[in-house]
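Colleague: Below you'll find the structure I mean.
Please treat every number below as a calculation from the coordinates, not as lab data. All of these numbers come straight from a predicted model, not from anything done at the bench. In this analysis, Cβ positions are derived from the backbone assuming ideal geometry, glycine residues included, and neighbour counts consider all displayed protein chains.
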Amino acid sequence: MPEGPETRRAADRLSNRIRDKELSRLRLPYPPISEFEGVLELACVKSVTSRGKALLIRFDNDLSLYCHSQLYGKWTVNKVSTEIRWNRSLRAEFIAEGYAVRLWSATDVEVIPTKDEESHPYIAKLGPDVLDETTSPDMIMSRLESPRFNGRSAASLMLDQSFVAGLGNDLRSEILHQAGVHPKTRPKDLDAERIHKWGSLTKSVSIRSYQSNGLTVSDELAGRRKDKGERRRSYRHSAFCRNGLDCHECGSTIERIRISGRRLDMCPSCQVM
Ligand SMILES: [Zn+2]
């Protein structure tokens, strides 16, 4: 499932191609939304943004296209002349200035009044979006310390979209490893310094991932590992997908555990209870 940073990057890519541009074609072949094709074809895209893992395309006629990609949905941006060779189902297509923006396979797609976005069942449950400018490290720290969240395990909080929206499985391992927090620890077990580190890294690691196309370590560290022949899936992270490899902090071997069936990679020396 794409994480918040990945969804935000997709929104940026779409925005570059369709925002404030005259659409030469708009198609909505997916039956649940196809009735809106006529009215949206005449409208102009005012913004493309993300909330958690949902993407929102807002039009100037007060309608928004909402899409949660789940595991299989995919947005593509291609030149119109590019031939597409796959068997996915087309859900939406926007053509503007020689480029085609297309949504494939997703089933959680709706057209809703822009004013009702916040009451959409998925969006209404979201906590502050980790990439939003108004979501500060201090705000994340006070949520960690609040009675609502401070008795929950770190592993469960990091995937709870009502705690902070936009984190996913990769970022969970990354943030907890870099903050030195054991996945079973609860915020109320930690001192202020550790909470501070956890809150700041929740923000900074997510921003880093958003700005660097999925890297959560420094360019320098990633580059050194790449030169040693490591593959992108491991060199770009500090713990996630590095099980069996060394921890760059202490040299111990990163271990993989599963919590509720989902992978979590951690350092047994840096992350102790
Ligand atoms: Zn370590």
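Colleague: What is the extension gain from Cys250 to Asn78, computed as 0.36 nm multiplied by their sequence separation minus the C-alpha to C-alpha distance, in nm to one decimal?
Modeller: Full-extension gain reported as 57.5 nm.
Colleague: For the chain, what does -39500 (n - 2.57) per DSSP helix run (n ≥ 4), summed and divided by total residues, give at 222 nm, in deg cm²/dmol to the nearest 500?
Modeller: -8500 deg cm²/dmol
Colleague: With respect to the cross-link table entries Lys74/Lys115; Lys184/Lys226; Lys203/Lys226, which display a Cα-Cα separation exceeding 30 Å?
Modeller: In this structure, Lys184/Lys226 lie more than 30 Å apart at Cα.
Colleague: Ok, one more. Could you tell me how far the Cα centroid of segment 18-79 sits from the Cα centroid of segment 204-273, in Å?
Modeller: Measuring centre to centre over Cα atoms gives 35 Å.
Colleague: Same structure again: In segment 60-155, what trypsin sites (Lys or Arg not before Pro) fall in a loop by DSSP, with at most 14 other Cβ atoms inside 10 Å?
Modeller: Arg85, Lys125, Arg148
Colleague: When the chain is modelled as a GNM with alpha-carbon springs shorter than 10 Å, which of Trp86, Trp104, Trp75 fluctuates the most?
Modeller: Of the options given, Trp86 has the highest mean-square fluctuation.
Colleague: With no other cysteine's Cβ closer than 4.7 Å, which Cys residues of the chain count as lacking a disulfide-compatible partner?
Modeller: Within the chain, the cysteines lacking a partner Cβ under 4.7 Å are Cys44, Cys67, Cys241, Cys250.
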